[in-house]
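Participant: Quick one: the structure is below, and I'll ask about it shortly.
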Amino acid sequence: MKRVVILGGGTGGTIVANQMVRQLRQDIDAGAVEITVVSNTEQHVYQPSFLYVAFDLTAPSDAKRPERQVLDRRIRLVQGEADRVDPREHAVVMSDGVQLPYDFLVIATGSRPAPEEIEGLAEGGHHFYTEEGALKLREALQSFTGGRVVLVVGVPHKCPVAPLEFTLMLHDWLAARGLGPSSQIVYTYPIGRPHSLEGVSDWVKPVFEARGIDSHIFFNPELVDPVAGTVTSLEGETLSYDLLVAVPPHVGQEVIARSGLGDSGNWVPTDRHSLLMQGTDDVYVLGDATNLPISKAGSTAHFQADVVAGNIVQRLRGGHGSLRYDGKVFCFIETSLRKATYITFDYQRPPQPVVSGSLLHLYKLAFNHMYWLSAAGIL
Ligand SMILES: Cc1cc2nc3c(=O)[nH]c(=O)nc-3n(C[C@H](O)[C@H](O)[C@H](O)COP(=O)(O)OP(=O)(O)OC[C@H]3O[C@@H](n4cnc5c(N)ncnc54)[C@H](O)[C@@H]3O)c2cc1C
């Protein structure tokens, strides 16, 4: 029997598993192939919903389903924490010592926000990158009566457009509550333009100007003083705030560090086209876990899942696994509470947002529900 182990039951891991089952049903039923997903959480969470939770537009329970229900019944689900990957033994070792041998391994462990990397941020600021964080921010926004809101951005972080979406939605949200005239939004960004993607940066500059959003570039948040209500950058600039919201820097997961597989940020060195872990022939990596300098997004994980699932299936059938990932990413961008635009790009073609509109916003809301079809490997 050939064993495929998928480490991580989030967006990328779940799509890979379900897509493989769709192609390998008969082999699995005949006992020739086994697909195992290892997940340390029982619930599958659609993380983009946290942005809407912060504005009280949805409840966390609307965006969660048991992972067992999201996976095809033919997939074996091992619930628990993976302690490490042992590529020499071709096995994943669970924290209770159980070994899961593999012929092919897919690393899909994602990333985690690390607000603790900015001193004082946990005490003085908010974020919307976890359910807990989004709920706390929701309460802070509900009791906000006007003042200066500062947004700071750590790198790297998942969802490249989330800082823009939060800022533009906040502008609309404050206006709707009559707090526009008594509030000021200060958007900061770590590099020399308001977004890492040049086309997006060019697009957003006039949008910010038209809405009176103050933009500070070259601002790498280093220190938050919750008592003084200030945030200071590595570059030496200090901004005062009444409400501080952060997109925290992210790191790869501890299991990558424990396995000795990652770089200093726990990102796994990955071939940008084959998605094989560098130096191996039987370990694929996808989604946030890779060290690829591309957007960490659910759509990235999805497009990569097509390649990884296809290649493993080809190879189980004696082929070479010749599909290649072209760097494709697709992101909706909410431009207010009622309008959105989108970008699509790859290794060769840069992104260019289109004119925003209410139809695109409705598409985005519809996708938030259709995600479950995508996770099931159908869309
Ligand atoms: C607020 C917010 C808004 C976003 N908006 C968008 C958007 O609009 N569009 C978009 O495309 N993307 C968006 N994203 C990003 C998207 O959610 C992630 O990029 C995507 O989930 C990455 O998929 P992944 O499979 O790599 O990781 P994940 O989906 O995070 O899955 C990783 C899984 O591995 C598990 N795991 C980790 N370590 C272990 C271990 N040791 N043992 C067992 N299991 C383990 C984790 O618990 C998790 O279930 C957003 C994210 C956030 C937080």
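Participant: Does segment 48-60 contain any residue that is in a strand (DSSP E or B) and surrounded by fewer than 22 Cβ atoms within 10 Å (Cβ to Cβ)? First the steps, then the outcome.
Facilitator: First, the residues of segment 48-60 that are in a strand (DSSP E or B): none.
No - not one qualifying residue is present in segment 48-60.
Participant: Give the residue that is most open to solvent (accessible area, probe 1.4 Å), with candidates limited to residues of segment 339-362 that are hydroxyl-bearing (Ser, Thr, Tyr) and under 30 Å from residue 273 (Cα atoms). Steps first, please.
Facilitator: Here is the first cut: in segment 339-362, the residues hydroxyl-bearing (Ser, Thr, Tyr) are 341-342, 344, 347, 356, 358.
Keeping just the survivors that are under 30 Å from residue 273 (Cα atoms) gives 341-342, 344, 347.
Working: 341: 0, 342: 70, 344: 52, 347: 51 Å².
Among those that are hydroxyl-bearing (Ser, Thr, Tyr) and under 30 Å from residue 273 (Cα atoms), it is 342.
Participant: Same structure again: Consider residue 65 against the criteria (1) open to solvent by 20 Å² or more (accessible area, probe 1.4 Å); (2) under 26 Å from residue 378 (Cβ atoms); (3) near the ligand (Cβ under 9 Å from one of its atoms): it satisfies all of them except one. Which criterion is unmet?
Facilitator: Here residue 65 meets the rest and fails (3).
Participant: Quick check on my filter: what residues within segment 299-328 are surrounded by 23 or more Cβ atoms within 10 Å (Cβ to Cβ) and not polar (S, T, N, Q)? It would help to see each step written out before you state the result.
Facilitator: Of the residues in segment 299-328, the ones surrounded by 23 or more Cβ atoms within 10 Å (Cβ to Cβ) are 300-302, 304-305, 308-309, 312, 325.
Passing the criteria: 301, 302, 305, 308, 309, 312, 325.
Participant: Moving to a separate point now. Go through segment 304-327 and give me each residue that's within 17 Å of residue 272 (Cα to Cα), part of a helix (DSSP H, G or I) and of a type outside the set (A, V, I, L, M, F, W, C).
Facilitator: Within segment 304-327, 304, 306, 310, 311 meet the criteria.
Participant: While we're on this one: Hey, does segment 337-351 have a residue that's within 15 Å of the ligand (Cβ to nearest atom), more than 25 Å from residue 163 (Cβ to Cβ), in a strand (DSSP E or B) and touching a helix residue (DSSP H, G or I) at 6+ places or on another chain (Cβ under 9 Å)?
Facilitator: No, that holds for no residue.
Participant: Residues to consider are 250, 302, 320; find the one that is over 17 Å from residue 165 (Cα atoms) and over 22 Å from the mean Cα position of the chain (by Cα).
Facilitator: Testing whether each residue is over 17 Å from residue 165 (Cα atoms) and over 22 Å from the mean Cα position of the chain (by Cα) leaves just 320.
The values are calculated or read from the model by the stated rules, or taken from the named source; none is laboratory data. Keep in mind the model is a prediction, meaning the values are calculated, not measured. As a convention, Cβ positions derive from the backbone with ideal geometry for all residues, glycine included, and neighbour counts pool all protein chains shown. Just the protein is used for accessible areas: all its heavy atoms, side chains included, with ligands, DNA and RNA removed. Shrake-Rupley method; radii C 1.70, N 1.55, O 1.52, S 1.80 Å.
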